[in-house]
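So the structure is just underneath, and the comments pick up after that.
The values are calculated or read from the model by the stated rules, or taken from the named source; none is laboratory data. Note that the structure is predicted; figures quoted are calculated from it, not measured. Cβ placement follows ideal geometry from the backbone for every residue including glycine, while neighbour counts extend to all protein chains displayed. Just the protein is used for accessible areas: all its heavy atoms, side chains included, with ligands, DNA and RNA removed. Shrake-Rupley method; radii C 1.70, N 1.55, O 1.52, S 1.80 Å.
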Amino acid sequence: MTNNGPMDAVEDIIVCRDVHKWYGNFHALRGVTTTVQKGEVVVIIGPSGSGKSTFIRTINRLEQHQRGDIVVDGIELTNDIRNIDAIRRDVGMVFQSFNLFPHLTVQRNITLAPTKVRKMPSHEADAVAMELLERVGIPEQADKYPAQLSGGQQQRVAIARALAMQPNIMLFDEPTSALDPEMIKEVLEVMRELAESQMTILAVSHELGFAREVADRIVMFDEGQIVEDLPPDEFFNNPRHERVKHFLSQIL
Amino acid sequence: MSTITEPTTTQLPPPRSETGLVGWLRANLFSSGFNTVLTVVVGALAGWALWFGLLWLFVDSDFTVIKTLGGLLLIGQYNSEQACGEARNCFWRPQVALLLVTLMLGMSWAVAGGGLTKRIAILVTVVVALFAFLPYSLERMGWDVRLLLVANVPALLLGWALARYTALGTWRWVAILAVVAFLLTLVLLRGLPGVPGLQPVSLLYWGGLMLNLLLAVAGIVVSFPIGIALALGRRSRLPVVKLLCVVFIEVFRGVPLITLLFMSQVLVPLAFPENFPLDSLLRAAIIITLFSAAYTAENIRGGLQALHPGQAEAARALGLPGWQTTLLISLPQAIRNVIPAIVGQFIALFKDTSLVYIIGMLDIVELSRKFATSHVENGMLPYLDDVHEVFIFLAVVFWIFCFGMSYVSGRIERHLGVGER
């Protein structure tokens, strides 16, 4: 694995060793081994059904792996509920379909977890929410309901919601795939800003322009395995595997 | 090839045939030969039915039986000599219970801050108070009875002021006090031995609309949380919990309510000692409640199934523990989505309360029917022919309550913005 993270002190924040996952008889992850360092931005690409979403969902235990080890921020993912909850508090996630809570206002969507899980006083949580909404550029939408917002705005709220828990790692599962072209840009802008703030980011995304500019590494999945893991320049200009060339030729 | 049009800002009016009454009639009722025939035939049938219906209502019908029934319709034999003693001074007790209702309505009005709640509160109170000015007697209606009816107006205002100017003005307090008021109502109606004026009245004599409403309110309030618990239990990953809930739900849904009521009367005494303290009315109330809970559970489960799995995933990903995910994310959305089904279930429950005639209770339906067919005056059965009037009157009474529930649920849905997502 590459070791050119941007931090001086290299610290492995996600360590996966020989991770396997089956859905019934279907072998979805077939021995994934990789390491992500603190502050690194890793973009994951691959054909649909290649296991890339499944992989990032195992990192906060939305999917359970059946073999191998995953250690996140020093905590090993086991069946121990306390470990799982501790990791989830530490790992923010943004989904393809936003998954905002439609019955709560934008502000409440953001303050819910900090007040309930971190026991933050509500005035403090409100202040944090407003700060985050400023950061993603939509403070004026605080009192609206998700359905009243555009897709791009909803996804930015979803990012703010995840950030409100002050995570050390952010997972993005195809965050722009459900968006109209003119809204993709505003979400990528927020992600870019996040990447520049030294956040550790794991993103499944087909925005190759974004990957080229922001990623430290691009990882390609195929048939449940990592088939390529290179810095963007090399990945695009000099991929080692035929499958990468084939995939790139199909989506470019 | 497309025709490229220049951008224009003028809007053309719709064609004449699409607007107005004539256009509507032509489009909807006379669009083809078959439709024209259908319209004429159905119209003739409806006109014929309406003519004879109105003829009967205004010429032939005789609603004296309802007038004679009077207060019996409301409380049954509660104030009779057998029930209340020779003094027959028990009528004030359901009346005070009614005052508690208007008091709670007043509080709800203040907490809701107007709107629909205010309109309902005022409407109910005014209708109740107007009963005081009925030209005939409801139930040996002295000035005290009439005064207690009028007192609903100050009770409403008192409730409003209480919620407006004290710390009691929150939904939490209103809910707690409503439960307290309901329990107080039960004590008031049942009586307390040894307390003057509160001589015990056997449950056997509870009747009339009062009985239907008590059973419905208790059934709705108790069955709702049980239904939620059953729905969650049925989705539980613990096999024993799941099995118990499935068995409970399927048993209560698979057997007609009337059969369950029979069984509660016939089988329970066999299984328990003779002096088992569960009164037959209580047993009926429990059966109705559990029956309703089984249906409510399935409605709520339907709402939970319909939720996008991403909702719970997002909550879990934020670190919310499972029970908070259920309580704060899944249930509120699920219940909101199945309000129409749940209200339908509550309406059915209210109508089903008239099945307590099975255990010999005189609810408003059975009481009126029995009165019409067996009331003897001067050796005659004067109301024997008036069962039509009785049932039409009962239909109107039930319809008013059920439509009221439907209307309120519609307003709640609109308020919560259901269907706008």
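Out of the range B:98-160, which chymotrypsin sites (Phe, Trp or Tyr not before Pro) are coil in DSSP terms and have no more than 15 other C-beta atoms within 10 Å? Filter output for the range B:98-160: B:TYR136. Helix A:122-135: angle to the longest alpha-carbon principal axis of chain A, degrees 0 to 90, nearest 10? That works out to roughly 60 degrees.
Normalised by the residues of the range B:166-248, what does the relative contact order come to in percent, with Cα pairs under 8 Å and at least six apart? Display every interim value, and only then the final one.
Numbers: 29 pairs, mean separation 9.3, N = 83.
Averaging sequence separation for qualifying contacts and normalising by length gives 11 percent for the range B:166-248.
Seen from every direction in turn and averaged, the convex hull around the alpha carbons of chain A projects onto 13.8 nm². Relative contact order of the range B:44-130: 13 percent, from C-alpha pairs under 8 Å at least 6 residues apart in sequence.
Counting only protein chains, not ligands or nucleic acids, how are B:HIS415, A:HIS20 ordered by accessible area (probe 1.4 Å), most first?
On the way: B:HIS415 155, A:HIS20 20 Å².
The residues order as B:HIS415, A:HIS20, largest area first.
Two tests apply to each whole DSSP H helix in chain B, Cα reach of 18 Å or more along its axis and mean Kyte-Doolittle hydropathy of at least -1.0, and the ones passing both are B:33-55, B:92-112, B:115-130, B:152-165, B:171-190, B:208-234, B:239-254, B:257-271, B:280-306, B:339-352, B:387-416.
So what's the angle, to the nearest 10 degrees on a 0 to 90 scale, between helix A:81-90 and the longest Cα principal axis of chain A? On a 0 to 90 degree scale, this one is about 80. Of the trypsin sites (Lys or Arg not before Pro) found in the range A:81-154, the ones in coil according to DSSP and having at most 11 other Cβ atoms within 10 Å of their Cβ are A:LYS119. Note on the protein assembly as shown: Rg/Rh from Cα positions, Kirkwood definition for Rh, rounded to two decimals, is 1.10. Nearest 10 degrees is fine. How inclined is helix A:242-251 to the longest principal axis of chain A, computing both from alpha carbons? Once rounded, one gets 40 degrees. Counting, for every residue in A:143-150, the Cβ atoms of other protein chains within 10 Å of its Cβ and taking the mean gives 1.
Please give the per residue accessible area of chain B, computed with a probe of 1.4 Å over protein heavy atoms only, in Å². Walk me through the numbers on the way to the answer.
Numbers: 23890 Å² over 421 residues.
Per residue, chain B has 57 Å² of solvent-accessible surface.
The range B:211-248 and the range A:128-167 have Cα centres separated by 38 Å. The base-10 log of I(q)/I(0) for the range B:91-200, evaluated at q = 0.16, 0.17, 0.23 Å⁻¹, reads -0.76, -0.83, -1.19 [Debye formula, identical scatterers on Cα atoms, solvent excluded].
So how many Å³ per residue does the convex hull of the Cα atoms of the range B:289-383 work out to? Spell out each step's value before the answer.
On the way: hull volume 9.5 nm³, N = 95.
Output value, Cα hull per residue: 100 Å³.
Shape analysis of the range B:233-309 based on the Cα gyration tensor places the equivalent ellipsoid semi-axes at 30, 14, 10 Å, largest first.
Residues of B:304-312, mean number of Cβ from any other protein chain within 10 Å of their own Cβ, rounded to a whole number?
Working: counts 0, 0, 0, 0, 3, 2, 6, 6, 2.
For this peptide, the per-residue mean of nearby foreign Cβ atoms is 2.
For the protein assembly as shown, A:CYS16, B:CYS245, B:CYS402 have no disulfide-compatible partner, since no other Cys C-beta lies under 4.7 Å from theirs.
With contacts taken as Cα pairs under 8 Å and at least 6 residues apart, chain B reaches a relative contact order of 17 percent. The fraction of accessible area contributed by carbon and sulfur in chain A is 45 percent, rounded to a whole number (1.4 Å probe; ligands and nucleic acids excluded).
Interface between chains A and B: roughly 1800 Å² of accessible area buried, both sides summed (probe 1.4 Å, protein heavy atoms only). When the P(r) is computed for the range B:140-248, the part past 18 Å accounts for 71% of the Cα-Cα pairs.
What accessible area per residue comes out for the range A:46-201, rounded to a whole number of Å², with a 1.4 Å probe? Before the final figure, lay out the partial values.
Values: 6120 Å² over 156 residues.
Heavy-atom SASA per residue in the range A:46-201 reads 39 Å².
PRE reach from A:HIS20 (point 7 Å along Cα→Cβ): which of the range A:42-84 fall under 16 Å by backbone N? Only A:64-70 pass the distance filter. When a 1.4 Å probe is rolled over the protein heavy atoms, the share of accessible surface on the range B:151-198 that falls to carbon and sulfur comes to 78 percent.
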